[in-house]
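Below is one structure, written out as structure tokens; the observations come after it.
The values are calculated or read from the model by the stated rules, or taken from the named source; none is laboratory data. As the structure is a computational prediction, the values presented were derived from the model and not from experiment. In this analysis, Cβ positions are derived from the backbone assuming ideal geometry, glycine residues included, and neighbour counts consider all displayed protein chains. Accessible surface is based on the protein model in full, side chains and every heavy atom, while ligands, DNA and RNA are left aside. Shrake-Rupley method; radii C 1.70, N 1.55, O 1.52, S 1.80 Å.
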Amino acid sequence: MKNIVIYEGREFIKYYSKNKEEIEYCNKISDIYLTKIYTTDKRVYEDILNFQNLSKNISIEYVNKSYLKNFLIDISTKHNWIIYISNNKTNMIFDNLINIPYKFFSDIFEFDNESFTEHAKNKLIYNELSKYYMMSIANDTNKEVSLLQKIYEKYLNKKEGKILDCCCGVGRHDYILANAGYRVTGIDISENQIQTARKIHNHTNINYYIEDVRNFKLKDKNYDMAICMWTTYNYLSKEQDLKKFIFNVWNHLNNGGVLVLDSKNIPILDKKRVYSRKSCKESLEIDLLIFKRVVNNIQNSKYFYFINDKTKKHFYSDEEFVRFYYLDEIKSIVNGYFDIVDVYGNFDGEKYDPNKSERFIVVLRKRGNNR
């Protein structure tokens with residue numbers, strides 16, 4: 001059975017006639033899931049039929065009010081999940097019906113005086129959903145680690161040594177590096193992520209610690225390389241927080257040590273994106289619907305988790321904010337501590353093109369002595 005998205009017609013007209021740019025999301029959803037607009041009002045039905053810029057993938061249906069209950073029951077039995085986009089919760093509650101409001105993004109400006117890190121601390125995927133992390137992300141960890149190894153060998157002129165993974169998450173990079181002979185320390189602010197890392201990516205060459213990258217102080221201050229992967233340093237949306245992180249890393253590296261900062265090249269991304277990701281493992285199935293918007297140098301993401309676990313259904317909603325730092329900004333922030341020695345545009349190691357590259361991977365080399 002597939003998922004279906006349904007809109008109540010009267011609300012659809014009311015909302016989208018005032019927020020025409022948001023119809024992009026509606027049309028993009030219809031490329032992923034069966035999408036239907038229904039109404040019990042014939043006049044509204046006629047209005048929707050004449051609605052401009054509506055995708056041909058979206059079906060419009062008039063439903064007699066007396067048949068509405070049977071209409072929803074019929075949908076609930078034919079589809080895995082019903083995603084009901086409405087600002088008013090329906091009285092027809094089914095296990096597989098999820099209410100999502102039209103305006104589901106938070107206000108970016110509420111973080112004017114606060115780092116995105118404070119919001120990220122409470123992300124479900126870093127807390128109670130941590131056990132689903134590896135099933136929820138799209139990645140090629142082997143390719144990512146391969147580039148890290150090439151950077152290590154190029155700038156440190158050796159094949160093994162000590163690596164500090166900042167914002168290590170569940171340790172997916174650390175495990176492969178440890179198997180390759182590196183001694184790795186992984187730190188993350190999330191207790192759940194560290195617990196998951198110790199469970200699924202445990203290795204004799206790895207030590208995991210619960211630490212905030214803005215103020216960590218490890219006994220070992222002789223690392224050859226530090227890494228921060230997968231757009232996580234971008235939670236440090238306040239420059240003073242990023243500066244604290246940079247100094248802490250500088251203070252834990254050997255002279256000439258290397259820091260790798262990896263993020264998506266956010267400015268070139270579509271301003272509005274919708275896509276889904278599905279993964280299965282034994283009796284567990286996760287269907288993840290993702291909405292993203294880019295506002296200037298900030299990416300705001302909304303994640304809807306539809307989880308079938310044996311005979312039970314679970315729904316979770318999560319959100320994320322990250323700030324993109326341009327190359328000139330990073331140069332200014334690291335000044336006096338690091339030199340930028342390379343910038344890659346993907347994990348294949350191709351040079352960064354700000355107008356084309358998929359990723360923004362900055363390689364920095366430590367200057368000066370430990371203080």
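A count restricted to the range 73-115 and to residues that are of a type in the set (Asp, Glu) and within 30 Å of residue 242 (Cβ to Cβ) stands at 4.
Out of 10, 43, report the one residue that is closer than 24 Å to residue 96 by Cβ and open to solvent by 40 Å² or more (accessible area, probe 1.4 Å).
Numbers: 43 fails: closer than 24 Å to residue 96 by Cβ.
Selected residue: 10, the only one of 10, 43 that is closer than 24 Å to residue 96 by Cβ and open to solvent by 40 Å² or more (accessible area, probe 1.4 Å).
Sort out which residues of the range 230-258 are out of contact with any helix residue (DSSP H, G or I) (no Cβ under 6 Å at 6 or more places or on another chain), at negative phi and part of a loop (DSSP other than H, G, I, E, B), and write them in order of number. Scanning the range 230-258 gives 232, 238.
Every residue, every condition in (1) in contact with a helix residue (DSSP H, G or I) (Cβ under 6 Å, 6 or more places away or on another chain); (2) assigned to a strand (DSSP E or B), yes or no:
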site: 185; (1), (2): no, yes
site: 193; (1), (2): yes, no
site: 196; (1), (2): yes, no
site: 217; (1), (2): no, no
site: 221; (1), (2): yes, no
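Yes/no matrix, rows are residues, columns are (1) under 15 Å from residue 362 (Cβ atoms); (2) without any contact (Cβ under 8 Å) to a residue 40 or more places away in the chain; (3) open to solvent by less than 20 Å² (accessible area, probe 1.4 Å); (4) touching a strand residue (DSSP E or B) at 6+ places or on another chain (Cβ under 7 Å):
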residue: 236; (1), (2), (3), (4): yes, no, yes, no
residue: 240; (1), (2), (3), (4): no, yes, no, no
residue: 256; (1), (2), (3), (4): no, no, no, yes
residue: 270; (1), (2), (3), (4): no, yes, no, no
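Filtering the range 276-308 down to residues that are open to solvent by less than 50 Å² (accessible area, probe 1.4 Å) and among the acidic types (Asp, Glu), which residue is farthest from residue 329 (Cα to Cα)? Restricting to residues being open to solvent by less than 50 Å² (accessible area, probe 1.4 Å) and among the acidic types (Asp, Glu), the top hit is 285.
For the range 320-369, a residue qualifies if it is polar (S, T, N, Q) and either in contact with a helix residue (DSSP H, G or I) (Cβ under 6 Å, 6 or more places away or on another chain) or closer than 21 Å to residue 151 by Cβ (or both), and the qualifying residues are 346, 357.
Can you tell me which residue in the range 324-360 is most open to solvent (accessible area, probe 1.4 Å), limited to those that are assigned to a strand (DSSP E or B) and under 15 Å from residue 267 (Cβ atoms)?
Of the range 324-360, the ones assigned to a strand (DSSP E or B) are 338-344, 351, 359-360.
Now narrow it down to the ones that are under 15 Å from residue 267 (Cβ atoms): 343, 359-360.
On the way: 343: 24, 359: 9, 360: 1 Å².
So, considering only residues that are assigned to a strand (DSSP E or B) and under 15 Å from residue 267 (Cβ atoms), the one most open to solvent (accessible area, probe 1.4 Å) is 343.
One residue stands out in the range 155-169 among those that are within 20 Å of residue 249 (Cα to Cα) and without any contact (Cβ under 8 Å) to a residue 60 or more places away in the chain: the one that is surrounded by the most Cβ atoms within 10 Å (Cβ to Cβ), namely 168. Do we have residue 146 as surrounded by 17 or more Cβ atoms within 10 Å (Cβ to Cβ), hydroxyl-bearing (Ser, Thr, Tyr) and farther than 18 Å from residue 199 by Cα here? No; evaluated as a whole, the condition is false for this residue.
Among the criteria (1) in contact with a strand residue (DSSP E or B) (Cβ under 6 Å, 6 or more places away or on another chain); (2) among the hydroxyl-bearing types (Ser, Thr, Tyr); (3) at pLDDT below 95, the one residue 38 does not fulfil is (3).
Which of the following residues is touching a helix residue (DSSP H, G or I) at 6+ places or on another chain (Cβ under 6 Å) and either over 30 Å from residue 151 (Cα atoms) or modelled with pLDDT under 95 (or both): 263, 317, 279? Write out each step before concluding.
Values: 263 fails: either over 30 Å from residue 151 (Cα atoms) or modelled with pLDDT under 95 (or both); 317 fails: touching a helix residue (DSSP H, G or I) at 6+ places or on another chain (Cβ under 6 Å).
Answer to the selection: 279.
With respect to residue 152, determine if the residue is more than 19 Å from residue 10 (Cα to Cα) and either crowded, with 17+ Cβ neighbours inside 10 Å or modelled with pLDDT of 95 or more (or both). Let's see the steps before the verdict.
On the way: more than 19 Å from residue 10 (Cα to Cα): yes; either crowded, with 17+ Cβ neighbours inside 10 Å or modelled with pLDDT of 95 or more (or both): yes.
For residue 152, the condition - more than 19 Å from residue 10 (Cα to Cα) and either crowded, with 17+ Cβ neighbours inside 10 Å or modelled with pLDDT of 95 or more (or both) - is met.
Among the residues making up the range 77-93, those that are of a type outside the set (A, V, I, L, M) and surrounded by fewer than 17 Cβ atoms within 10 Å (Cβ to Cβ) are 77, 78, 80, 87, 88, 89, 90, 91. For the range 191-221, a residue qualifies if it is among the hydroxyl-bearing types (Ser, Thr, Tyr) and either touching a strand residue (DSSP E or B) at 6+ places or on another chain (Cβ under 8 Å) or surrounded by 15 or more Cβ atoms within 10 Å (Cβ to Cβ) (or both), and the qualifying residues are 196, 208, 209. Selection within the range 13-22: residues that are under 28 Å from the mean Cα position of the chain (by Cα) and closer than 21 Å to residue 89 by Cα. The member of this set that is least open to solvent (accessible area, probe 1.4 Å) is 16. Could you tell me whether any residue of the range 36-51 is within 23 Å of the chain's Cα centre (by Cα) and under 19 Å from residue 88 (Cβ atoms)? No, the range 36-51 contains no residue that is within 23 Å of the chain's Cα centre (by Cα) and under 19 Å from residue 88 (Cβ atoms). State yes or no: is residue 321 closer than 30 Å to residue 25 by Cβ, assigned to a strand (DSSP E or B) and out of contact with any His (no Cβ under 8 Å at 6 or more places or on another chain)? In short, no.
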